[in-house]
């Protein structure tokens, strides 16, 4: 057993127990900010602490069984204790791998809430309709997980669906579940307007952003250009008669965010800043990965038909994720929000890749 893993397990378990004791102290409720910080860290460490406790217990059981072998009075007893020791040691090694995945190679953003930005890609009206279906799929999946969700901004299309829509999803480890949805999603089907019955291919792009807290991304107000205008809905109809819609341009990066879903200018400005902050965090993380040599194509790619992470084939009732070569013939069920099969397979792939990369760093 690696001594570093044992040390990490002991330190993690010690920290978790200290946080538990602090939460048990009634005085903590007098400082709500401190209470929120402790409760958040306590929740984040729980799974890792449980794994650490299990591994340390297994190691102790293995050591005790080894000691009993030396004092055993018969060959049968020695054999029994040897089997007990081996089983405990194997269990400890398995838990050590889980600890590596949870505490060493785990994405630090996994605990965050998430913002999904869905945009119609290639395919005109059909792409907008598909973007709307993806939004509904993610909202239903969030409901299945008992996560909260709400629309932050949207630009409806006249035919239905959306030119683009931003959705916030809040829940336990929301980013860890939704982060692999980023990329170009391709749909193959016969549009309602197609008189010849030909199958068309359209796309929508999804960008997945870990929601940034103010302390993580500080925005200088002097670097913002804020414009206000009158909100409008599909067909150009006025939503209200005041200039409540907000467009924020971040001058250093050129990022532009617009929000018009809320009733007041202040609310729209707050929503736009939340989206901007998350985009800046995602940009910073991407640049960091590139600096470290882990060059990755931008999540949304080009939005062209040939660029795809997942294909939704309606004539065959089939959905295929090309990153893990996983195909399901339950297309309607998946669109109804049953995405677990895909998110679990993608999470397992990420975990294996992270563990392999960590192992490659470790000297022999």
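No lab work stands behind these numbers, since they all come straight from the coordinates. Because the structure is a prediction, the values reported are computed rather than measured.
Helix 32-71 versus the longest principal axis of the chain: what angle, 0 to 90°, nearest 10, using Cα atoms?
30
Relative to the first principal axis of the alpha-carbon coordinates of the chain, what is the inclination of helix 125-144, with its axis defined by its Cα atoms, in degrees from 0 to 90 and to the nearest 10?
Result, in degrees: 40.
Starting from the exponent 0.38 and prefactor 2.2 Å, build the expected Rg for the stretch 3-104 from its residue count and divide its actual Cα Rg by it. Could you put the intermediate results ahead of the total?
Working: Rg = 18.3 Å, N = 102, 2.2 N^0.38 = 12.8 Å.
That ratio works out to 1.44.
Output the 0 to 90 degree angle, nearest 10, between the alpha-carbon long axis of helix 3-24 and the longest principal axis computed from the alpha carbons of the chain.
For 3-24 against the chain, the angle is about 70 degrees.
Which number do you get for Rg(Cα) / (2.2 N^0.38 Å) in the chain?
1.23
State, as an integer percentage, the relative contact order of the chain based on alpha-carbon contacts under 8 Å between residues 6 or more apart.
15
How large is the Kirkwood hydrodynamic radius of the stretch 19-58, counting all unique pairs of alpha carbons, in Å?
That comes to 11.1 Å for the stretch 19-58.
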